[in-house]
Amino acid sequence: MPIPVTPWCKHHIQDNASLPVHTLLNEFMLLDDTDFPSAARLNLLREAFQPQWQGPMFVAQGELDKQSDPNHSRYYEEIIASDNSVPTRENSWHDLFNALIWIQFPSTKALLNTMHMQDIAHHGTHPRTERRNRITHFDECGVVLALEEGDANKSNMLLNTLAQHQWQDSFLTHRHEWGTHITPFIFGHANLEMMLSPFIGLTGKWLAVSVPKGFSNMNKWQQRQEVDKSLVKRITELDAFNKSPLLKPIPLLGVPGWYEEQDENFYNNSEYFRPLKPGAKPSIQLPLFDITTV
């Protein structure tokens, strides 16, 4: 009898990985692969899920080192911009999740790369500008909150409870709003990597966008297309990360459905669900909706 082949995830993924990790890998049909996804495998996924996309290819870091950058003389963002290629390390969870974010939100990832290159052209690669630090923070740890148009007061209220660290109101009192009126998406690939083995203290940074009414009834890929367009618009409206304060923290394990132990006692942990610091400046992204025009 043939020896059964153990899927690659069984060698790597933790049994307690957060639901968004399992859901994403399952949706991309990666859970049953025998080997860790290669750059070639990721390119096939790109073609399957984004057949019209003209964005970058994924290139194995080893091949890139041999062929086009043997002296490691070019900066990561420069390689993406000049070669239309994303360097992807073999057997790297971080780079795997980065590729999956590219496939889901290609226009936004391309915009972030363009913004990096604008600063590099004007200021060089080092030291990094404050804007590039903000771009990277969102790229690594961003959470997108998609709010449906139609009830501006409700949307602004929900965002304000998050901005004011009113975690019980956000995650318990208004729990029914998550997945209906407000839909969260993980954008930061470092978030996904850390959620392989979630721990109390795991935190992302949220950015809110408006999406059309009926968004919650769309399929996942229709939703991603809307979020991708809305993110590009929203980032542009917010002066392309030139201003601060912009991003606000969100305890990732508190997002409804992203962790198993979400009872009232869990949300009472003030070491994780921290109150707002006195004197904290409000985010420039609030309010999301102008109630005088909606």
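Figures for the structure shown
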read-out: Fraction of alpha-carbon pairs over 20 Å apart in region 217-294 - percent; value: 58
read-out: Computed magnitude of the charge dipole of the chain (debye, nearest 20; Cβ of K, R +1, Cβ of D, E -1); value: 720
read-out: Listed residues Thr180, Pro249, Ile284: farthest to the positive end of the dipole of region 161-294 (Cβ charges); value: Ile284
read-out: 5 angstrom amide H check on Trp206, placed H, neighbours 5+ away; value: Val143, Lys248, Ile250
read-out: Cβ charges +1 (Lys, Arg) and -1 (Asp, Glu), total dipole of region 247-294, debye; value: 420
read-out: Computed [θ] at 222 nm, deg cm²/dmol, the chain (DSSP H ≥ 4; -39,500 (n - 2.57); rounded to nearest 500); value: -12000 deg cm²/dmol
read-out: Net dipole in debye of region 175-242 [+1 Lys, Arg Cβ; -1 Asp, Glu Cβ; about Cα centre; nearest 20]; value: 160
read-out: Of all accessible heavy-atom area on the chain, the percent that carbon and sulfur account for (1.4 Å); value: 51
read-out: Per residue value of the accessible surface for region 150-294 (all protein chains in place, 1.4 Å probe), Å²; value: 48
read-out: Highest-MSF residue in the chain out of Trp258, Trp178, Trp53 [GNM, Cα springs under 10 Å]; value: Trp53
read-out: For region 74-132 and region 163-189, distance of Cα centres in Å; value: 29
read-out: Dipole-positive endmost among Gln118, Asn268, Phe28 within the chain (Cβ charges, Cα centre); value: Gln118
read-out: Heavy-atom accessible area order for Lys229, Lys213, Lys220, Lys109, largest first, 1.4 Å probe; value: Lys213, Lys229, Lys220, Lys109
read-out: Options Pro37, Asn153, Ile13, ranked by Cα towards positive dipole end of the chain, top entry (Cβ charges); value: Asn153
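The values are calculated or read from the model by the stated rules, or taken from the named source; none is laboratory data. Just so it is clear, the model here is predicted, and its values are computed rather than measured. Cβ atoms come from the backbone with ideal geometry, glycine included; neighbour counts cover every protein chain shown. Protein only, heavy atoms only, side chains kept; ligands, DNA and RNA dropped before computing areas. Shrake-Rupley method; radii C 1.70, N 1.55, O 1.52, S 1.80 Å.
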